[in-house]
Amino acid sequence: MLLSVNIDEAGYSPDSTVLKNIHFSVDSGELVGLIGPNGAGKSSTIKSILGIMKNVKGDCQASNYAYIPERPILYEKLTLWEHIEFLLTTLQTDEKLYMTRANELLKQFQLSEFIHRYPESFSKGMQQKVMLVLAFLRQPDLYIVDEPFMGLDPRAVKRLLQSLQSEKERGAGILMSTHILDTAEKICDRFVLISNGRLIVQGTLDEIRERSGIRGGSLLDCFDVLTEGVSDVRK
């Protein structure tokens, strides 16, 4: 098991609860979709896993991971290539293999011609691709990905999905937060459905269909049924 999440309660202050009874895990070689509408508690769950949420009752244990945030975080004074060189200094890896992989990823995400430019001048989509390249260069045991499709063009989305599949085959586990349910339905092995800060259901698509009572239904259809009437934990 690469990630174990056992959150009894979590909030941004001692008297404010935004999450309640969130329990799930991620194993090697699987992609788990953390899904729900905007404001469901997906980002708060990730913050709890990363240790950013200070008021957490429970425990989250994660293996060596790479985090890809929804909003890119980059150094203003470093070029794209300098980001790659800096990351190398933090890793124990073969430099030649690392640089070969870096160039392959830059080509894959169509960033090769921008390596000597500053990412702060890039578009949101290009900055997101930089974050993806840096994460895939690390080759961690676990990826924690928050809304990865925001700002990416269709070709970049395809490249991202190919890379995630390759990392799964390598044995990495992936937790991917998204509210784009049609894409999640196609690529995720299991799902963790959250609404209003509560875990509604988790399992494979077939298991979720069974819980919702919609035989052959889409993930969105099942989610609508399962989240109807769910009260907010903050009330």
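Every number in this text was worked out from the coordinates using simple rules, so none of it is lab data. Given the structure is predicted, the values throughout are model-derived calculations rather than measurements. All Cβ positions, even for glycine, are placed from backbone atoms using ideal geometry, and neighbour counts span all protein chains on display.
P(r) of the chain in 5 Å steps, Cα pairs, percent per bin?
1, 6, 14, 17, 18, 16, 12, 8, 5, 2, 0, 0
Percent antiparallel among DSSP beta bridges with both residues in the chain, to the nearest 5?
Of the beta bridges lying entirely in the chain, close to 50 percent run antiparallel.
Post the alpha-carbon centroid distance, the stretch 167-203 to the stretch 101-155, in whole angstrom.
That distance is 21 Å.
Tell me which of Ser212, Leu142, Val201 sits at the most positive position along the dipole axis of the stretch 132-235, charges placed on C-beta atoms (Lys, Arg +1; Asp, Glu -1).
About the Cα centre, the residue reaching furthest to the positive side is Leu142.
Just to be sure I understand: with springs between alpha-carbon atoms less than 10 Å apart, which residue in Glu113, Glu207, Glu30 has the highest mean-square fluctuation in the Gaussian network model of the chain?
Of Glu113, Glu207, Glu30, the most mobile in the Gaussian network model is Glu113.
Do you know the relative contact order of the stretch 140-235, to the nearest whole percent, from alpha carbon pairs under 8 angstrom that are 6+ apart?
Details: 94 pairs, mean separation 21.8, N = 96.
Relative contact order here is 23 percent.
Return Leu88, Leu164 ranked ascending by Cβ neighbour count within 10 Å, so the fewest neighbours appear first.
Ordered by Cβ neighbours within 10 Å, fewest first: Leu88, Leu164.
In the Gaussian network model of the chain, springs joining C-alpha atoms below 10 Å, which of Leu97, Leu161, Leu106 carries the largest mean-square fluctuation?
Judging by the Gaussian network model, the answer is Leu97.
Most mobile of Ser43, Ser112, Ser123 per a Gaussian network model of the chain (Cα springs, under 10 Å)?
Result for the chain, Cα springs under 10 Å: Ser123 fluctuates most.
Quick one: if you stick a label point 7 Å off each Cα along the C-beta vector at Met99 and Met1, how many nm between them?
Taking the two extended label points, one gets 4.3 nm.
Under 5 Å between amide hydrogens, which residues at least 5 positions from Gly29 or on another chain qualify, with H placed 1.01 Å from N in the peptide plane?
Excluding prolines and chain starts, which carry no amide H, the hits are Gly171, Ala172, Gly173.
Mind computing the radius of gyration and Dmax over the alpha-carbon atoms of the stretch 137-230? Å is fine for both.
14.4, 43
At a threshold of 8 angstrom on Cα-Cα distance, excluding pairs fewer than six apart, so keeping six or more, what relative contact order does the chain reach in percent?
Numbers: 431 pairs, mean separation 67.7, N = 235.
Value for the chain: 29 percent.
With r defined as the distance between the Cβ atoms of Asn55 and Leu78 and R0 fixed at 25 Å, what FRET efficiency is calculated, to the nearest 0.05?
After rounding to 0.05, the efficiency reads 0.15.
Cut-off is 10 Å between beta-carbons; in what order do Arg215, Arg170, Arg117, Arg159 appear when sorted fewest neighbours first?
Fewest to most other Cβ atoms nearby, the residues stand as Arg215, Arg170, Arg117, Arg159.
Let me know the shape class of the stretch 21-119, please: from the alpha-carbon gyration tensor, a ≥ b ≥ c as square roots of the eigenvalues, rounded when a/c is under 1.5, otherwise prolate if a/b is greater than b/c, or oblate. Don't skip to the end; give the middle numbers.
Working: a/c = 2.18, a/b = 1.90, b/c = 1.15.
The shape class here is prolate.
Run the dipole for the chain about the Cα centre, Lys and Arg Cβ at +1, Asp and Glu Cβ at -1, nothing else charged, and hand back the magnitude in debye, nearest 20.
Dipole of the chain, to the nearest 20 debye: 280 debye.
Report the calculated FRET efficiency for Val225 and Asn21 (r = Cβ-Cβ distance, R0 = 25 Å), to the nearest 0.05. Walk me through the numbers on the way to the answer.
Working: r = 20 Å, r/R0 = 0.80.
Computed FRET efficiency for Val225 and Asn21 comes out at 0.80.
When only C-alpha pairs under 8 Å and at least 6 residues apart count, what is the relative contact order of the stretch 71-139, in percent? All intermediate terms of the calculation are to be shown ahead of the outcome.
On the way: 52 pairs, mean separation 33.9, N = 69.
That works out to 49 percent.
Can you work out the Karplus-derived ³J(HN,Hα) for every residue in the stretch 129-134? Use 6.51 cos²θ - 1.76 cosθ + 1.60 with θ = phi - 60°, whole Hz, and x for glycine or proline.
Values per residue, Gly and Pro as x: 5, 4, 4, 5, 4, 5 Hz.
Per-residue HN-Hα couplings for the stretch 205-211, Karplus 6.51 cos²θ - 1.76 cosθ + 1.60 at θ = phi - 60°, whole Hz, x for Gly and Pro?
4, 4, 5, 5, 4, 5, 5
Near the amide H of Asp146, under 5 Å away, which other amide H atoms are found, from residues 5 or more places off or on another chain, if H is placed in the peptide plane?
For Asp146, whose amide H was placed from the backbone, the distant partners under 5 Å are Ile68, Glu70, Ser177.
So which of Lys54/Lys129; Lys20/Lys47; Lys158/Lys186 end up more than 18 Å apart by C-alpha?
Lys54/Lys129
Counting only residues 5 or more places away or on other chains, whose amide H sits under 5 Å from the amide H of Phe191 once H atoms are built in the peptide plane?
Those qualifying (amide H under 5 Å, at least 5 residues apart or on another chain) are Gly33, Gly203, Thr204.
Whole-Hz Karplus ³J(HN,Hα) for the stretch 74-85, in order, using 6.51 cos²θ - 1.76 cosθ + 1.60 and θ = phi - 60°, x for Gly and Pro?
9, 7, 5, 9, 10, 6, 4, 5, 5, 4, 5, 5
Taking neighbour counts of Cβ atoms within 10 Å as a proxy for exposure, in what order, fewest first, do Leu19, Leu31, Leu199 appear?
Leu199, Leu31, Leu19
Rounded to the nearest whole Å³, what is the per residue volume of the convex hull around the Cα atoms of the stretch 71-139?
Given the Cα convex hull of the stretch 71-139, per-residue volume reads 81 Å³.
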